[in-house]
Each structure stands twice: as structure tokens, then as C-alpha cells.
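Visitor: Have a look at the structure that comes next, please.
The values are calculated or read from the model by the stated rules, or taken from the named source; none is laboratory data. Please read all numbers here as calculations on a predicted model, not as lab measurements. Glycine gets a Cβ as well: all are built from the backbone with ideal geometry, and neighbour counts include every protein chain shown.
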Amino acid sequence: MNIAAVDYDGLIPNNVALGQDVRVKRALEKWHPGYLNWWNDMGPEGFQESLVYLRTAVSVDPKGWAKFDYVRMPEYRWGVLLAPQMEGRKVNFGTHKGEPAWQDVPGEYRAMLRRLVVIQGDTEPASVEQQRHLGKTAPSLYDMRNLFQVNVEEGRHLWAMVYLLQKYFGTDGREEAEALLQRRSGDPDTPRMLGAFNEKTPDWLSFFMFTYFTDRDGKMQLEALAQSGFDPLSRTCRFMLTEEAHHMFVGETGVTRVVQRTCEAMKEAGITDPNEIEKVRKLGVIDLPTIQKKANLHFSLTLDLFGNEISTNAANAFHAGLKGRYREDRLKDDHQLESGTYPVLRLIDGKIQNEDSPALSALNMRLRDDYVVDCNAGVGRWNKVISDLGIPFEIKLPHVAFHRHIGEFSNIKADVSGHLISDEQWKKHRGDFLPTDGDKDFIESLMQPQMETGRFASWIAPPKVGIDNKPGDFEYVKLA
Ligand SMILES: [Fe+2]
Ligand SMILES: [Fe+2]
């Protein structure tokens, strides 16, 4: 591996020798003002002038790739950074397995590849749009800083995808890059491409659930694309994964701190029954059953992002060597999947049951299964906090058939345990499974900003450690 130096002198920091690539450099410089307009219109509302203690990628060396400093967000150095090229890398799955990895777009796969890049690219600005109002209700400056860190990095991920479009896809790529700045999360006329990215992120518990569950879908997709035989896509996704880890950290520790504060407050007040919701809420914390409902919502919305369980698109992308399985390079099989089956959970004769399907068609299902395993690890850590504080409650992920809008279970109603129920029962019990208007109002009532250095809102515990080895009472954001 050779680690290319990052050029920090031009408008666009990069390690792809933009200085010698006049056409692409010009295209990106032309796209840049539109990006800044988008950021100013749709980025964090009310804090564009504040100095935020942010990390910026300055290298792709895993040993030290970021530097921390105060920066106004519109002045953030969004750059194009690809993980180091691996000498002699090969396509490692599909029909081209064993051929040298492509440094250019294979003509026959151009449309498919462009679509993969655009779909990934569209999610990046979408989440910034969804989260733009949250700064105003931040439970602390520490949390506010983490929100903004996630936001600027999603902005950089957009740059990463736009670089690929501008460099490798000619006029079509340029048009797609423009369109990425035009769509808007939740807009009825020009929505973002995927459902979960058009939902609202109305409060901070939603934000933590989103970064835990939905950014983790991002991780799974990036891991699958990092396997791509199209080497520039692989390299850019590998570096994005470095940043993505922090987003999921924000989600996992955010929920942990909410859960911890609730259990501590219950203990102090001598409440042992987690279902005494009104009593718990009077303590100014979020009751555990409501946290469970939020998890049900965000988990089920995110499952939809994996698409149909049985998918020809997914089969084609794998066969072509463009999108692999989760950590394809660590799997032990023929990496071609021309034969072999995979169990897919389906609705057969009115019952939810596994059916062996051709492995190639079942790749979405497989990635979703890997995702669920990954999700469960953190949920176990939340439950450890609850049990350590002596509260009899366990957060559980709902059944994959619960509350679905895409795939096998989109036309049925199931409860959180995966029992099929009638529309009538669904209507009756919906509020037991998903946040009600009353739950939302209560959470909203807690969203009082806490902008004093080192202070935290009533409903969330301080973090165990700060960012960049700074203490909890560090001034993470200097408000303008
Ligand atoms: Fe991202
Ligand atoms: Fe992310």
C-alpha cells in the first residue's frame, strides 16, 4: 500500500491528484458553489456562524487521519479522499472473479454502477436535511458538536460520490451530481430516493436511533460497495467507513446515556416498575417503554432500505462484480453463488417461514440478516446498563415482519413478535408498538436546549469521556 499525500492547497483537499486532472477539477469547482448554497439552505439551522470543534480528514493513514480544531461549518474543508490503492487488487466475486480490479467503468455495467453511486450519494445530504433543526434543542454542547460532526461528514460523503460521478460518468454524471443538490428530504414533489430518508428526525432520541440504526444500514451498504471490482468505488467506500464508525458511536452511546439516565432517576425515586410511565415521566426522563417504541420505529424503517428480499438487481450487481456481500473477502465459498441456496423468510400460505432460495437472488436478505446481527450487539450493551441498575426491562428488536413497507411483509400486519394480526388489531395496538402523538408530545416537551458548557439536559447522562480526549465541560461549540 502506498499512502498518497493529501493536497491541501487548492479549493478541494484531495489525494486523487486533482491538480493534474483539469477536467474533473473544473467540474468539481463548478459544482462547489451549488453545494455551498445547499449547505447554507439545508444544513444545520442557526449555527452556521458558530465555531465548532470538529475533526477534519487530513490523511488516509489509519494511524492518524484526522485533526481537530474550531471551524465554522460553511468553512469546513470538504475533500475527496480515497483509501490507498492496493497493489494487484482483483475482482473478488462474481463472473469476473480473478480479473484485475477495474480502474475505469466497464462499459457494459455503466448504468448499473451509476445507479449504485447515485443511490448511495442521495442518502448523504438527505440525513443532513433531516437533522437540520436539531441544533436548537441540543441537550449539551458535546451532543451538538457530535451532531454537526455527523452532518459535515455526510456532506463529505456526498463529495465522495460526486467525485465518482464527475470523474467517471461524463455528462450523465454531471447531471446526477446536480440532481443530488436538488432533491429534498420529505419534499412531496422532489423527495430523496429512499423512504427512510424522507422521514422526520423530530427530536434527539430519534437522532440517536437514526444514527444507531440507519447509519448502520449505511455501514452495511458501504461494506458491500467496498468489495466492488470497480476500484475507485471500493477505495472511496473504505475511507467513508472510517468516518461512519463515529456516526454509529454517536447513536449507540446516545441511546446508552438516555437509558442510563432513566434508570438512574428511577432508582433515585425508588421506582422499580418500568411500566409506571407517568411516574417516570414526572422525573424528567424518557420511560423505557417509549424508548422501545422508538427503537421499533427506526429499526423497521431501516429494514426497508435493504429492499426486496428476493432481488434481481442485487443478483445482477453481484454477478457483475460491482456490489459484494458484507465482508465478502472474509467469506469462505466460491464467491460466485451460481449454485447454492440461502434461507429467505417469506410469507407462505399465510405463515411466516423460511424458504431456501437461490443464493444469488437472496443477497438483500443476506445483507439484512448481517445487519440484524450487527444491531443486536449494541442492544445487548443497552440492556447491560439497564440490568446493572437493577431495572427489570429488556429492549428487544422487533420481528423483521413488523411495520414493513417494502418486501415480503409489506402487505400484512404483524405485531413486534411476528404474529400476524388483523387490520383491526393493528389499529387497536399500534400505539403499543410505535410512538403515539402523546409520546411524541412528551419527548418534545423534554427537548429544552442546554447550551451551558459542561451541562446536560435532564433526560440524558453525560458521556463517559469527551471527544479528542477533551473533558466533558470543554466548550465544544462556541456559539456565535
Ligand atoms: Fe454517510
Ligand atoms: Fe453516516
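Visitor: Give the residue that is farthest from Asn316 (Cα to Cα), with candidates limited to residues of the range 223-236 that are buried (at least 23 other Cβ atoms within 10 Å of the Cβ) and either within 16 Å of ligand 2 (Cβ to nearest atom) or free of Cβ contacts under 8 Å to residues at least 24 places away in the same chain (or both).
Guide: Thr236
Visitor: Of the residues Ser410, Ser417, Ser361, Ser387, which is among the hydroxyl-bearing types (Ser, Thr, Tyr), at pLDDT 95 or above and buried (at least 19 other Cβ atoms within 10 Å of the Cβ)?
Guide: Numbers: Ser410 fails: buried (at least 19 other Cβ atoms within 10 Å of the Cβ); Ser417 fails: buried (at least 19 other Cβ atoms within 10 Å of the Cβ); Ser387 fails: buried (at least 19 other Cβ atoms within 10 Å of the Cβ).
Criteria check complete, one pass: Ser361.
Visitor: Given the conditions (1) part of a helix (DSSP H, G or I); (2) in contact (Cβ under 8 Å) with a residue 40 or more places away in the chain, and given that Val280 satisfies all but one, which numbered condition is not satisfied?
Guide: Val280 satisfies every listed condition except (2).
Visitor: Among Asp423, Asp437, which is the only one that is loosely packed, with under 13 Cβ neighbours inside 10 Å and more than 29 Å from Thr253 (Cβ to Cβ)?
Guide: Numbers: Asp437 fails: more than 29 Å from Thr253 (Cβ to Cβ).
Going through Asp423, Asp437 in turn, just one is loosely packed, with under 13 Cβ neighbours inside 10 Å and more than 29 Å from Thr253 (Cβ to Cβ): Asp423.
Visitor: With respect to Ala160, determine if the residue is of a type in the set (A, V, I, L, M) and within 11 Å of ligand 1 (Cβ to nearest atom).
Guide: Spelling it out, Ala160 is indeed of a type in the set (A, V, I, L, M) and within 11 Å of ligand 1 (Cβ to nearest atom).
Visitor: Residues of the range 92-116 being of a type outside the set (Gly, Ala, Ser), assigned to a loop (DSSP other than H, G, I, E, B) and within 18 Å of Gln221 (Cα to Cα), which ones?
Guide: Passing the criteria: Asn92, Phe93.
Visitor: Give Glu252, Glu243 a once-over and let me know the one that is surrounded by fewer than 24 Cβ atoms within 10 Å (Cβ to Cβ), modelled with pLDDT under 95 and within 26 Å of Gln149 (Cα to Cα). Full working, then the answer.
Guide: Details: Glu252 fails: modelled with pLDDT under 95.
Residue meeting the stated conditions: Glu243.
Visitor: Suppose the filter is within 23 Å of Asn313 (Cβ to Cβ), out of contact with any Lys or Arg (no Cβ under 8 Å at 6 or more places or on another chain) and crowded, with 21+ Cβ neighbours inside 10 Å; does Val150 pass it?
Guide: no
Visitor: Within the range 54-68, which residues are of a type outside the set (A, V, I, L, M, F, W, C) and within 22 Å of the chain's Cα centre (by Cα)? Working first, answer last.
Guide: Going through the range 54-68, the residues of a type outside the set (A, V, I, L, M, F, W, C) turn out to be 55-56, 59, 61-64, 67.
Arg55, Thr56, Pro62, listed by residue number.
Visitor: Taking the residues in the range 447-476 that are among the β-branched types (Val, Ile, Thr) and surrounded by 14 or more Cβ atoms within 10 Å (Cβ to Cβ) as candidates, determine which candidate is nearest to Gln149 (Cα to Cα).
Guide: Ile467
Visitor: Also, I was wondering about something else. It is to be established whether one or more residues within the range 103-112 are within 18 Å of His157 (Cβ to Cβ) and among the aliphatic types (A, V, I, L, M).
Guide: No, there is no match, as no residue in the range 103-112 is within 18 Å of His157 (Cβ to Cβ) and among the aliphatic types (A, V, I, L, M).
Visitor: A further question on this structure: From Gly46, Gly19, grab the single residue that is surrounded by fewer than 19 Cβ atoms within 10 Å (Cβ to Cβ), touching a helix residue (DSSP H, G or I) at 6+ places or on another chain (Cβ under 9 Å) and more than 30 Å from Ala138 (Cβ to Cβ). Before the answer, list the steps.
Guide: On the way: Gly46 fails: more than 30 Å from Ala138 (Cβ to Cβ).
Only one candidate qualifies: Gly19.
Visitor: Moving on. Name the residue that is surrounded by the fewest Cβ atoms within 10 Å (Cβ to Cβ), counting only residues in the range 182-217 that are under 13 Å from the mean Cα position of the chain (by Cα) and of a type in the set (A, V, I, L, M, F, W, C).
Guide: Leu194
Visitor: Continuing with the same structure: Any residue in the range 163-177 that is at negative phi, within 16 Å of ligand 2 (Cβ to nearest atom) and among the charged types (D, E, K, R)?
Guide: Within the range 163-177, none of the residues are at negative phi, within 16 Å of ligand 2 (Cβ to nearest atom) and among the charged types (D, E, K, R).
Visitor: Can you find even one residue in the range 118-133 that is away from ligand 2 (no atom under 16 Å from the Cβ), assigned to a loop (DSSP other than H, G, I, E, B) and surrounded by fewer than 24 Cβ atoms within 10 Å (Cβ to Cβ)?
Guide: yes
Visitor: Could we say that Leu205 is in contact (Cβ under 8 Å) with a residue 24 or more places away in the chain, among the aliphatic types (A, V, I, L, M) and within 11 Å of ligand 1 (Cβ to nearest atom) here?
Guide: In short, no.
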